[in-house]
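Since the structure comes first, as structure tokens, the remarks are kept for the end.
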Amino acid sequence: MCGIVGAIQRDAGVVQTLLEGLRLLEYRGYDSAGVAVLDAGAIAIRRKAGRLERLELALTDGALSAARAGIGHTRWATHGPPSDENAHPHTDAEGRVALVHNGIVENWAELRAELEASGVRFASDTDTEVLAHLVGREVARGSSLFDAVRASLARVRGYYAIAALSLEEQGARLVCARSGPPLAVAAGPDGVYLASDVLALIAHTRDVVFLEDGDVAELELGRAPRVTRIDGTPVERPARRVEWDPEAAGKGSFPHFMLKEIHEQPDVLARTAFDRLRLESGDVDFGVPGFSDAELRAIDRVQVVACGTALHAGWIARYLIEGLARVPVDVDYASEFRYREPVLSASTLALAISQSGETADTLAALRLARSLGARTTAICNVLGSTLVREAQATILTQAGPEIGVASTKAFVAQCVAAYLFAVRLGRARGVLSLQQGRELVSDLRLLRPQMESLLGERAVSEVRAIARQNQSQRGFLFLGRGINYPIALEGALKLKEISYVHAEGYPAGEMKHGPIALIDPEMSILVVASRGPLAEKVRSNLEQVRARGGHVIVIGSDEESIAKSDEHVRVPVCSEWLSPILNVIPLQLVAYHMADLKGLDIDKPRNLAKSVTVE
Ligand code: F6R
């Protein structure tokens, strides 16, 4: 969950390159940061607890401005609290090597005891320092950095992405390795680079090599990265072109990434869906293997695994797949699925949904499903991610880089992908007629202007007024039914993540079985109320809230519900299947504006990190 970067460049100024990379990776962790560079024949390290700005401040003296090679790190603490001492990079006792690490060394206590017994004194509480001493010891014995890293990793249990720098190599080479967390390397015209996320590479080059688990890479100016397995066996890892626009990694004119990403959603819909729609045949073409009629007809059950917001998209996928393709669907938290004893078969499709494609629990769930004989498919936003590489088939969402820690546009892209998949499955299985297919496909095309209208000035100011009016409430209950029940869950998750208020999502019909006891005037109830078969049911749930003095805010297209509300955001009418994609937008904006009015750090909420690569 940390971010690592490294670079060797032709010209001076590597500190600036590292800081720019870290800025783009800060979403991965932001409790401390540091860099190590080769400077005047020594390894110079600067590291600071707190946000990246504090490190930048410590580097304003320009003392390291001549350096051309270095590594950097932004941390999400696992071993040891955020402090200057625990911030990376870490070194061995003689300062021969510097090392940054993302992940966990599971046998660190054992290795630390062994090193201490041989006289090594530790300067931090981290598991990473163990690696620095191991590599330093090998280098002291005369190994190259490359061999020293390989020999050290052979002793390590756990998962890691690491990068190391050695005094002996005088900055001519960097070595990095991965087993678990992501790592990519690239050679551009002005330098060679490594990073946890391609976001930090695309400013230099679009041609990127994604390392596989167990790979070790050596970077040297003027040549393609050398990659081997830990045992030294050479492997070919061809560079892949990344189409992301470097501009997408900036905030543009928006004050926060989250707001920018909410506003990108109509384009995300278009990018994820429109090229794949086949109006004439009322079908969807993913343009990749794994979605043929024969393959889809062989499925008799779908098992969704995901975490957090992606899981909410998974719940929506359930309504879509059962409703449109008539295939039964189970949905599980990936973290639970991996520890129960699920029953799957060769005709089960395990569908893993993830923005990053690196979430540890989701990956473990996918691997378990595969080991039990299921076929695997991913809905994922990141080309080259572990999930995409391990799943047998992938629907790539085209949300572009999502940097705000609270997921918004990736969620919409996941819902769109689930809709496309459900239509394809329904058509492949003959459950949907040509006419039905055509209608479903055209409905999606109508959605974009409706999404845009919810992001127009009027709608946004309505939402801001709701946020202002409700910001001092004690708690929030989000209610929804049917395919909009997951939207209630998602609305509540967004609010608690970035506004730090208690919010719960509930199926509206379940409220009377307990949560109704919470209702009083200090509790705001957000009801997702779309026109459709369940509208009447939602209205009666809403009456139950009103009768107990709850403050009711309706988000949706059902006019009768709106008439009964204290406040509302009117959402355009669309097909029931697509209504979650519209309804979520005002809920994302309520959370955003509530956090903004409270002056909170919206893009980097406390205690969170964007990519949860630990269990
Ligand atoms: C919430 C959020 C998280 C992620 C979850 C899964 O806003 O972002 O709940 O959805 O950590 O992450 P991915 O989708 O990368 O697997």
Residues with amide H under 5 Å from that of PHE478, placed H, sequence gap 5 or more: GLU504, GLY505, TYR506, LEU526
Can you tell which of TYR485, ALA364, TYR27 lies farthest toward the positive end of the dipole of the chain, using +1 and -1 charges on the Cβ of basic and acidic side chains (Lys, Arg; Asp, Glu)? TYR485
What trypsin sites (Lys or Arg not before Pro) does the stretch 442-551 have in DSSP loop regions with at most 13 other beta carbons within 10 Å? ARG474
Checking the a/c ratio against 1.5 first, then a/b against b/c, what shape does the Cα gyration tensor give for the stretch 3-245? rounded
Below 8 Å between Cα atoms, with a sequence gap of 6+, how large is the relative contact order for the chain in percent? 12
With 10 angstrom as the radius, rank HIS88, HIS593 by how many other C-beta atoms surround their C-beta, starting from the fewest. HIS593, HIS88
Taking the stretch 23-79 and dividing mean pair separation by its residue count, relative contact order in percent (alpha carbons under 8 Å, at least six apart): 47
Rounded to the nearest 20 debye, dipole of the stretch 266-411 from Cβ charges on Lys, Arg, Asp, Glu: 160
Tell me, what HN-Hα J-couplings in whole Hz come from the Karplus equation 6.51 cos²θ - 1.76 cosθ + 1.60 at θ = phi - 60° for each residue of the stretch 445-456, using x for Gly and Pro? 5, 6, 6, 4, x, 5, 5, 4, 5, 6, 10, x
For the residue pair LYS598 and ALA298, what label-to-label distance in nm results when each label sits 7 Å from Cα along the Cα-to-beta-carbon direction? 5.0
For SER575 and GLU510, calculate 0.36 nm times their separation in residues minus their Cα-Cα distance, and state this gained length in nm to one decimal. 20.9 nm
Of the listed peptides 341-354, 558-571, what is their order by residue-averaged count of other C-beta atoms within 10 Å, with the highest listed first? 341-354, 558-571
Between ASP207 and ASP275, take the C-beta separation as r, use R0 = 22 Å, and let me know the FRET efficiency to the nearest 0.05. 0.40
Could you give the length gained by full extension between LEU221 and ALA123, i.e. 0.36 nm per residue of separation minus their alpha carbon distance, to one decimal place? 32.0 nm
Through the Karplus equation 6.51 cos²θ - 1.76 cosθ + 1.60, θ set to phi - 60°, convert the phi angles of the stretch 121-135 into ³J(HN,Hα) values in whole Hz; use x for Gly and Pro. 9, 8, 10, 9, 8, 7, 6, 4, 4, 4, 4, 4, 5, 4, 5
I need the Debye-formula profile for the stretch 1-53: one equal scatterer per C-alpha, no solvent, reported as log10 I(q)/I(0) at q = 0.20, 0.27 1/Å, two decimals. -0.71, -1.14
On C-alpha positions alone, give me the angle between the axis of helix 579-597 and the longest principal axis of the chain, in degrees, nearest 10. 60
Extension gain, GLN170 back to SER144 (0.36 nm per residue minus Cα-Cα distance, nm): 8.2 nm
Computed magnitude of the charge dipole of the chain (debye, nearest 20; Cβ of K, R +1, Cβ of D, E -1): 760
List the residues of the stretch 401-437 whose backbone N lies under 20 Å from a point placed 7 Å from the Cα of ASP285 along the Cα-to-Cβ direction. 417-430, 432-437
Rounded tilt (10° steps) of 308-320 against the dominant C-alpha axis of the chain: 40
Of THR78, PRO182, SER530, farthest towards positive along the dipole that unit charges on Lys, Arg, Asp, Glu beta carbons give the chain: SER530
What is the distance, in nm, between label points placed 7 Å from the Cα along the Cα-to-Cβ direction at SER253 and at HIS79? 4.9
Please enumerate, by chain and number, the aspartates and glutamates with C-alpha under 19 Å from the C-alpha of LYS260, excluding those fewer than 8 residues away in the same chain. GLU26, ASP245, GLU247, GLU402, GLU452, GLU457, GLU462, GLU490, GLU497, ASP596, ASP601, ASP603
Degrees between helix 485-499 axis and first principal axis of the chain (Cα, 0 to 90, nearest 10): 50
Would you tally the net charge around TYR500, using a Cβ to Cβ cut-off of less than 11 Å, leaving TYR500 out, and scoring K and R as +1, D and E as -1? +1
On the formula 1/(1 + (r/R0)^6), with r taken between the Cβ atoms of VAL431 and ARG54 and R0 of 60 Å, the FRET efficiency rounded to 0.05 is 0.55
The size of the Cβ-based charge dipole (Lys, Arg +1; Asp, Glu -1) of the stretch 452-606 about the Cα centre, to the nearest 20 debye, is 240
When the Kirkwood radius is taken over all Cα pairs of the stretch 128-185, what Stokes-Einstein diffusion coefficient follows at 10 °C and 1.306 mPa s, in µm²/s? 137
Taking amide H positions as placed 1.01 Å from N in the peptide plane, with prolines and chain starts having none, which residues 5 or more places from SER557, or on another chain, fall under 5 Å of its amide H? ALA529, SER530, ARG531, VAL571
So for THR91, THR128, fewest C-beta neighbours within 10 Å to most, what's the order? THR91, THR128
For GLY188, list long-range residues whose amide hydrogen, built 1.01 Å from N in the peptide plane, is under 5 Å from its own amide hydrogen. TYR193
Could you sort 172-183, 303-314 so that the peptide with the highest average Cβ count within 10 Å comes first and the rest follow in order? 303-314, 172-183
Could you work out how far the C-alpha centroid of the stretch 36-67 sits from that of the stretch 97-111, in angstrom? 22
According to the Kirkwood expression over distinct Cα-Cα pairs, how big is the hydrodynamic radius of the chain, in Å? 25.4
State, to one decimal in nm, how far the label point of ALA113 lies from the label point of LEU446, with both points 7 Å from Cα in the Cβ direction. 6.8
For the stretch 217-237 versus the stretch 393-457, the gap between their alpha-carbon centres in whole angstrom: 40
HN-Hα J in Hz across the stretch 58-64 - Karplus 6.51, -1.76, 1.60, θ = phi - 60°, x for Gly and Pro: 6, 10, 6, 5, x, 4, 9
Which one, LEU52, TYR193, THR613, is farthest towards the positive end of the dipole of the chain when Lys and Arg carry +1 and Asp and Glu -1 on their Cβ? THR613
Considering only C-alpha atoms, what is the centroid distance from the stretch 332-390 to the stretch 459-532, in Å? 30
Fewest first, what order do SER143, SER292, SER166, SER196 take by the number of other Cβ atoms within 10 Å? SER292, SER143, SER166, SER196
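Each reported figure results from applying straightforward, stated rules to the coordinates on display, with no laboratory input. Bear in mind the structure is a predicted one, so any value in this text is a computation, not a measurement. For neighbour counting, all protein chains shown are included, and Cβ atoms are generated from backbone atoms with ideal geometry for every residue, glycine included.
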